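Report on the structure given below.
Please treat every number below as a calculation from the coordinates, not as lab data. Not measured: the values here are computed from a predicted model. Using ideal geometry, Cβ is built from the backbone for each residue, glycine included, and neighbour counts are taken over all protein chains shown.
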Amino acid sequence: MVEPREATCTARLRDGCRATHADTFGLAAQAVAQQRWRRTLEPIRLLRERAEMLPHAVVRDALHAGLDWWQVADYLNMHPQDAWELYQCTVNGARSPAEQRRDLAVRLCAGVDVLHEFDPAYGADLDDLTTTHSCTTTQPCRGCAKRRCC
């Protein structure tokens, strides 16, 4: 049986933590015994920083393994757009959820289009949808926008 390749970013973070934080609790206990309070809190601060890096490493590895934002967000218990906004910096050139699954991303805007320019990473414009699109609110939204803007 072939062993799966280790997730590189997560494995590097783990190895870095092993090297620098192997005895974090021991160092803290020793500093408390010596009443060196600043020294007690330093390992805790460093450990917290590494722990905050872990979700970014895991998301990066998941995206490199071929998962899309919809799958990653499901594992994180988040909306795909929220996951992308929080973790998009982990992978250069990462496409947004709206770019990955165009059929699931729609932008609704009840204003004049010129006033509401948007980034395509956030979805498809109502005017770009065909009448056969699964979004059933297309026509009512267009009518509402025209009544309010005209």
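Toward the positive end of the charge dipole of region 8-89, about the Cα centre and with charges on Cβ (Lys, Arg +1; Asp, Glu -1), which of I44, C9, L63 goes farthest? Farthest along the dipole direction, towards plus: I44. Couplings for region 25-40, taken from phi via the Karplus curve 6.51 cos²θ - 1.76 cosθ + 1.60 with θ = phi - 60°, read 5, x, 5, 5, 5, 5, 5, 5, 4, 8, 6, 9, 5, 5, 5, 5 Hz in order; Gly and Pro are left as x.
The peptide list 83-95, 61-73, put in order of mean Cβ contacts within 10 Å with the highest first, becomes 61-73, 83-95. Here the spin labels are modelled as points 7 Å beyond Cα on the Cα-Cβ line, and at R48 and W70 they lie 3.8 nm apart.
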